[in-house]
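Q: Input: one structure, supplied below.
The values are calculated or read from the model by the stated rules, or taken from the named source; none is laboratory data. Computed from a predicted model, the values in this text were never measured in an experiment. Every residue, glycine among them, receives a Cβ derived from its backbone with ideal geometry; neighbour counts consider all protein chains shown.
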Amino acid sequence: MRVRAYRFRAYSSKTTARVLKTQFEAACRLYNALLHAEQEEYERNRHMMSRNELRQLALDLRKRNTEFQALHSQVAQQVAERFYQARERFLDGLANKPKKKKPHKFLSLVYPQSGWRLSDTREVGLGKNKKKRRARLYLSKIGFFTLILHRELPLERVSQVCVKLDPSGRIHVIFLVEEEAETLGQSSKEPKNAVGVDLGIVRLATLSDGRYLENPKPLERSLDRVRLLQRSLSRKRFLSGNWFKTKTKLAKEHEHIKDFRRDLFFKLGALLAGEYDVLVLEDLNVQDLIQKSETKKRRMRLYDSSFSELRVMLEWQFRKRGKLVLPVLAFNTSRECFRCGGINKSLTLEDRVFLCPNCGFTLDRDLNASLVLLKRAGWVPPAVPVELRPIPPLPTLGLVSGRHGGVMIQEAPAFRRG
Ligand SMILES: [Zn+2]
């Protein structure tokens, strides 16, 4: 079984939104109470509470405290589950020790099997042929939300519903759906073509077929505004009305950047997965890269490019269609000649052109790297690389399907398996 998330925008009345916020606060205090009780128990009896003990403790606390009774019982247990998961991640060495949560950062609640109901689903026309559906979601102890269902939701397989508030005030509802692993498994078809993708700062992605995507640097572009808001925020009194107002503005700016990236990555992934059977990527450790960077500007740009998010999105688009993703060793990819394997040791970050000291071959640095990736994955790159050309502005791409669309780029040469 695999779990897939369906995320929808939700709208509520002001009253419901207020109730939601009170619930977050209650859940936050419950979380902190659990954390406190767990620590005491450990100090006194050297006993580590189990998952069930924590769930039971949450229910007991709820019985004794009227504030916690505002929460649905399963939601209270889910708070215990959240603490348990955080502690497990800490014990596995994957995260820091669970800390007291701050109320303005505790912004989601989870309903498992019960306590929610989706009803009143109906079509609402939008645009000419486009039909979206609207539905009412009832969350027990909170109220009603209007959802815009922009995609089909397999309601009978929903295992969990999560309601989440963005710091800017937007509400999203996320349904977790269990899916058979087979529907996402490898397709039986022999893969016919592969694309190597080199990720970089100057060009966000360079494909082995010569196409590339400029790095839009969303954060860098809105940095002036972000800085202005941050300065203004630091002058406000912590947690005051004006502080929250500025905080919301800042959150909106960050969400805009995030949405922009997500949208761009999604479209690039859809484009590639629509054309290719195999995706070849560098297996690089982004955190490592960021830490090793010498200048602040370079660190910021690495962060701004969000390689890991881009990778996850690209991989997901391929796997979703039952296609193959091959991560290959990142070692020396930009210094190796894709034709003869010679190494240019003197290549620096600033050099945009690769020159092979062995066979004298010159090629764009990123294009060469993407071809090296392809070769390392066991595919034969073309004898003569294709010329570099930009991918046209992506907003149009999502609407064009297949290779016959007007704005689509010329067909990529097919690579044979070596
Ligand atoms: Zn060479």
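Q: Can you tell me which residue among 310, 302 is modelled with pLDDT of 85 or more and surrounded by 14 or more Cβ atoms within 10 Å (Cβ to Cβ)?
A: 310
Q: What residue, of 26, 17, 10, is in contact (Cβ under 8 Å) with a residue 40 or more places away in the chain, in contact with a Ser or Thr (Cβ under 9 Å, 6 or more places away or on another chain) and either buried (at least 16 other Cβ atoms within 10 Å of the Cβ) or assigned by TED's automatic domain parsing to the domain that holds residue 102 (or both)?
A: 10 is the lone residue from the list that is in contact (Cβ under 8 Å) with a residue 40 or more places away in the chain, in contact with a Ser or Thr (Cβ under 9 Å, 6 or more places away or on another chain) and either buried (at least 16 other Cβ atoms within 10 Å of the Cβ) or assigned by TED's automatic domain parsing to the domain that holds residue 102 (or both).
Q: Among the residues that make up the range 348-355, is at least one of them within 11 Å of the ligand (Cβ to nearest atom) and over 31 Å from the mean Cα position of the chain (by Cα)? First the steps, then the outcome.
A: Within the range 348-355, the subset within 11 Å of the ligand (Cβ to nearest atom) is 354-355.
Pick out the ones that are also over 31 Å from the mean Cα position of the chain (by Cα) and you get 354-355.
Yes: one or more hits.
Q: Does any residue in the range 342-368 that is assigned by TED's automatic domain parsing to the domain that holds residue 282 come within less than 6 Å, Cβ to Cβ, of a residue that is in a helix (DSSP H, G or I) and within 13 Å of the ligand (Cβ to nearest atom) six or more places away or on a different chain, and which pairs are these?
A: Short answer, once both residue conditions are applied: 354/368.
Q: Let me ask another. For the range 318-345, which residues satisfy the criterion of being within 13 Å of the ligand (Cβ to nearest atom), under 15 Å from residue 381 (Cα atoms) and surrounded by 16 or more Cβ atoms within 10 Å (Cβ to Cβ)?
A: 336, 337, 338, 339 - these are the residues of the range 318-345 that are within 13 Å of the ligand (Cβ to nearest atom), under 15 Å from residue 381 (Cα atoms) and surrounded by 16 or more Cβ atoms within 10 Å (Cβ to Cβ).
Q: Here's something else I'd like to know. Can you tell me how many residues in the range 356-383 are away from the ligand (no atom under 13 Å from the Cβ) and in a strand (DSSP E or B)?
A: Qualifying residue count, the range 356-383: 2.
Q: Pick from 40, 88, 25: which is closer than 25 Å to residue 238 by Cα and out of contact with any strand residue (DSSP E or B) (no Cβ under 9 Å at 6 or more places or on another chain)?
A: Numbers: 40 fails: closer than 25 Å to residue 238 by Cα; 88 fails: closer than 25 Å to residue 238 by Cα.
Matching residue, one of 40, 88, 25: 25.
Q: Quick one: count up the residues across the range 37-50 that are part of a helix (DSSP H, G or I) and either among the β-branched types (Val, Ile, Thr) or surrounded by fewer than 14 Cβ atoms within 10 Å (Cβ to Cβ) (or both). Before you say what the answer is, go through the steps one by one.
A: Going through the range 37-50, the residues part of a helix (DSSP H, G or I) turn out to be 37-45.
Filter again for either among the β-branched types (Val, Ile, Thr) or surrounded by fewer than 14 Cβ atoms within 10 Å (Cβ to Cβ) (or both), leaving 39-40, 42-45.
Looking only at that region, the number is 6.
Q: Is it true that some residue in the range 397-416 is at pLDDT 50 or above, within 30 Å of residue 350 (Cβ to Cβ) and touching a helix residue (DSSP H, G or I) at 6+ places or on another chain (Cβ under 8 Å)? Please lay out each step first, then the result.
A: Here is the first cut: in the range 397-416, the ones at pLDDT 50 or above are none.
No.
Q: With the structure loaded, tell me whether residue 392 is away from the ligand (no atom under 11 Å from the Cβ) and over 32 Å from the mean Cα position of the chain (by Cα) or whether it fails that test.
A: Spelling it out, it is not the case that residue 392 is away from the ligand (no atom under 11 Å from the Cβ) and over 32 Å from the mean Cα position of the chain (by Cα).
Q: Please state which one of 27, 5, 70 is of a type in the set (Gly, Ala, Ser) and at pLDDT 95 or above.
A: Result of the check over 27, 5, 70: 27.
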